[in-house]
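First the structure, in the form of structure tokens, and then the observations on it.
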Amino acid sequence: MMEENPAVQMDADSSKEVEGGTLGKQVVVMMVGAPGSGKSTFCNDVVSGGPHRLWHRVCQDSIANGKAGTKLQCLRSALDALKDGKSVFIDRCNLDREQRVEFVKLGSPQVDVHAVVLDLPARVCISRSVKRTDHEGNLQGGKAAAVVNRMLQKKEFPKLNEGFSRITFCQNDNDVQSAVDTYRALGPSESLPSGYFGQKGTDTKVQVGIMKFLKKVEAPEGSASDGVKCQNSTSKEGSKEKDTQCMETETIQINNKKAAEGGKRGDSVGGGISSNSLHTLAFPSISTADFQFNHEKASDIIVESIDEALNKFKNIRLVMVDLSSGSRILSLVKDKAVKKKLDPLRFFTFAGNITLINTEGNLGCTVIANATNWRLKPGGGGVNAAIFNAGGEALKLATKEQAGTISPGKSLVVSLPSTSPLFKREGITHVIHVLGPNMNPERPNYLKNDYVKGCKILCEAYSSLFESFASVVHAQRFQKESCNSSEPGSSYSHKDHTQRNYFDKLFRVDPKNKREDCLESLDSVRNKKYKALPLECGLNDGRDMRHNDFAGCGNHGDESVILEHNENMTSCSDITNSAPQGMIQKKNKKISDSSKKNWSSWAQALHQTAMNPEKHKDDILHISDDVVVLNDLYPKAKKHILILSRLNGLDELRDVRKEHLPLMRKMHSIGLEWAKKFIIDDNSMVFRLGYHSVPSMRQLHLHVISQEFDSIHLKNKKHWNSFNTAFFRDSVDVIKEIDEHGMAMVNDNENLLSTELRCHRCRSAHPNIPKLKFHIGVCKVPFSDTLLQNGRLVSGHLNET
DNA sequence: GTTCTAGAAC
DNA sequence: GTTCTAGAAC
């Protein structure tokens, strides 16, 4: 006979209030948390919250007639309660796997085992423990701090592969309240969806940000894959233990399958997942509809590609969507995924409308893929028409801005404007267009039944799609971390979150400005701090003319200096008539500046080289009468050379006038030749040619720099921003401006060099240089259209005219 | 431009 | 305690 304890009594009271009805699946909820984290309060709050379900709280601290008992007593008590049809809270610390393992075994086909992790800051737990005077376990007063600290050092977060079907992480009071509400509302015939919910903190002492990048600390997603590992077990653990784990994993997968199926019915599958752990991509089958690709072959490729992607990117979940549940390709993929033992937590199929993926499917998805046509145009029926239609004019325009066409096997990420109905209704932030191989003779690029080529292209298409998705996720996670890290206790909804990412991207908010700024309007952000930043939103390359500075007039002190310098130029007022607004502003601002810069001794090195190249022959790649070509002493990329003018007195961009146009063109053409040479050696290289608005070294020099920015010399914000903000003036633009206005704009606002670090491809913001460098090493998002236009970028695949 | 380093941030 | 930034010195 089990011991009487207050918890049981409490159940008896609450059970009286339970209304009749068939009992559904029971649940064992294992509380995980340090003393003082609020486990007992949590249980009591749920139990006292309503008549929805019969609960029994097992509290080890009071199980023996109000005193602390043993684990065995707790197990017995829990078993008895389950036999009585009750659900059970295991109210003990359960901080490591060993403490939990016996309780997990309480699970069965009729009993789900959940964990609720109260991962509150240690200081909060200690403070509560120290203050309380009535703790059941007598852990209070001064000794509490030492105990809590010791326990937290050993803590080990629960994972699904321990046998839990659902794990909820709570990091603050809001999370706790939300979890309490969830369990309070859980009716006797209802089940909660499986998976990880809420955000897991770190259970190590390492810096989370860095470790996430190094993939050494995986958030829950890592644990999800543990289940797969278990099936192919190479575990060093004993065989008995191994068997148990595998069996339990299987149970979880069954549970999750049910959860996934539940999604089709509109249950909240993945609602929690979307909030923080797994990022979901919904995608249609590519090429199997209008492009008539063989379904058998396609399904093999799809399953292979998914397997590869899930192994490569640990934090993603993929959902293949087709309108009809009778879809042949969906069935084929579903069967093959099972055979391939793809983790059902991370891949499943969904029969429904991809444009209603969240409102109908409730999949918590922020990115969808579109099987598009080569013109990236709406129409053609099928999923392409449906997605373009649902995305509205905003999607069409955003796509058009990115590219005019797309090649088979490639994908294109489009950031969805907030005006798009897909964004507003579904919370979709990105659409990834993909073009697959075409086997339909009536459509362009018909492959004439060449399945060798077709399969290759289809593989490439899926691979490109999943890579692009991973890049988007990566960018979003950084933005999320930026916002989260500024206010650890904060929590916000999925919708807030996606909007925040979007706004952050849109408004280029400095991570330093913290959360509240993330949602400020464009005007207020701009007026407050970034008055001088370029206005262009989204994929900004800092080219917006409205805030650029046309510094030529003021730089030399007054107008007479300019007139003396450039006889072709009539006057500054003439320039202002045709120059953009920003140019005029700068002219006025700079008019009182000192006339000539004093260059430090170290800043004279290039000047010396230009004047006496023969003395520096070892460092020089090429010498002519006009220019010297040399490697940058501290290259900021794999290839970084300087085309140095030899004209004495021409120190920097703001000195350049119309008379220098032939020289500027020559420098550009020599730079281009060198870039092409490098590209012949390495076809993957992309180059950009341009000038620093305000160079550190005297003597006009053109940078020719490869765009992977892989260099140990790229060390700080100034280095990055000098090549990746409007501070960097593309040679093609400079030449055009000189041709049209007689001088080139310089963007010498010092904010440009200290502005937030953003990826030059996807525009994601990064908190520091190491993180940015990691990101740019993996980001595969195509360069923005602005960069791709007018030959600003030079590569083996582009025209550099 | 880089190096060095104090101190902020994590 | 370690990582990272930013300012001073050169």
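Applying 1/(1 + (r/R0)^6) with r as the Cβ-Cβ distance of A:Lys615 and A:Lys456 and R0 = 45 angstrom yields a FRET efficiency of 0.25.
Ligands, DNA and RNA aside, A:Lys396 has an accessible area near 70 Å² when probed at 1.4 Å. Sorted largest first by accessible area at a 1.4 angstrom probe radius, with every protein chain in place, the residues A:Tyr446, A:Tyr691 fall in the order A:Tyr446, A:Tyr691.
For the set A:Asp651, A:Asp681, A:Asp45, the ranking by accessible area, highest first and with no ligand, DNA or RNA atoms included, is A:Asp681, A:Asp45, A:Asp651 under a 1.4 Å probe. Ranked by solvent-accessible area (1.4 Å probe, protein heavy atoms only, all chains present), the residues A:Leu621, A:Leu323, A:Leu642 order from largest to smallest as A:Leu323, A:Leu621, A:Leu642. Taking the 1.4 Å solvent-accessible surface of the stretch A:596-795 as the whole, the part contributed by carbon and sulfur is 50%. Using alpha carbons only, the radius of gyration of the stretch A:260-477 set against its Kirkwood radius gives Rg/Rh = 0.93.
Across the stretch A:721-736, coupling constants 3J(HN,Hα) worked out from phi with the 6.51/-1.76/1.60 Karplus curve, θ = phi - 60°, read 5, 5, 10, 10, 10, 5, 4, 8, 9, 4, 4, 4, 6, 4, 4, 4 Hz, and Gly and Pro carry x. Here the calculated FRET efficiency for A:Glu750 and A:Ile680, from their Cβ-Cβ distance with R0 = 35 Å, stands at 0.35, rounded to the nearest 0.05.
Under a no-solvent Debye model with one identical scatterer per Cα of the stretch A:596-795, what's log10 I(q)/I(0) at q = 0.12, 0.18 Å⁻¹? For the requested q values the scattering log ratios are -0.58, -1.37. Report for the stretch A:260-477 the percent antiparallel among DSSP-assigned beta bridges with both residues inside it, nearest 5. So the antiparallel bridges amount to about 20 percent of the total.
Of the whole protein surface, A:Glu393 contributes about 110 Å² of accessible area at a 1.4 Å probe radius.
Label point of A:Ala605 set 7 angstrom out along Cα-Cβ; within the stretch A:678-710, amide nitrogens under 20 Å from it belong to A:690-706, A:710.
Across the stretch A:461-471, computed HN-Hα scalar couplings (Karplus, 6.51 cos²θ - 1.76 cosθ + 1.60, θ = phi - 60°) run 4, 5, 4, 5, 4, 5, 5, 4, 4, 4, 5 Hz from first to last residue, x flagging Gly and Pro. Once the chain from A:Ser189 to A:Ile712 is taken as fully extended at 0.36 nm per residue, the excess over their C-alpha distance is 182.3 nm. 3J(HN,Hα) along the stretch A:689-697: 10, x, 10, 6, 4, 10, x, 7, 10 Hz, from the Karplus curve 6.51 cos²θ - 1.76 cosθ + 1.60 with θ = phi - 60°, whole Hz, x for Gly and Pro.
What fraction of the Cα pairs in the stretch A:716-801, stated in percent, has a spacing above 19 angstrom? Counting pairs separated by more than 19 Å, the tail of P(r) holds 48 percent.
The values are calculated or read from the model by the stated rules, or taken from the named source; none is laboratory data. Values in this document were obtained by computation on a predicted structure and should not be read as measured data. Methodologically, a virtual Cβ is constructed for each residue, glycine included, from the backbone with ideal geometry; neighbour enumeration extends over all protein chains shown. To get the accessible areas, we keep the full protein, side chains included, count just its heavy atoms, and leave off ligands, DNA and RNA. Shrake-Rupley method; radii C 1.70, N 1.55, O 1.52, S 1.80 Å.
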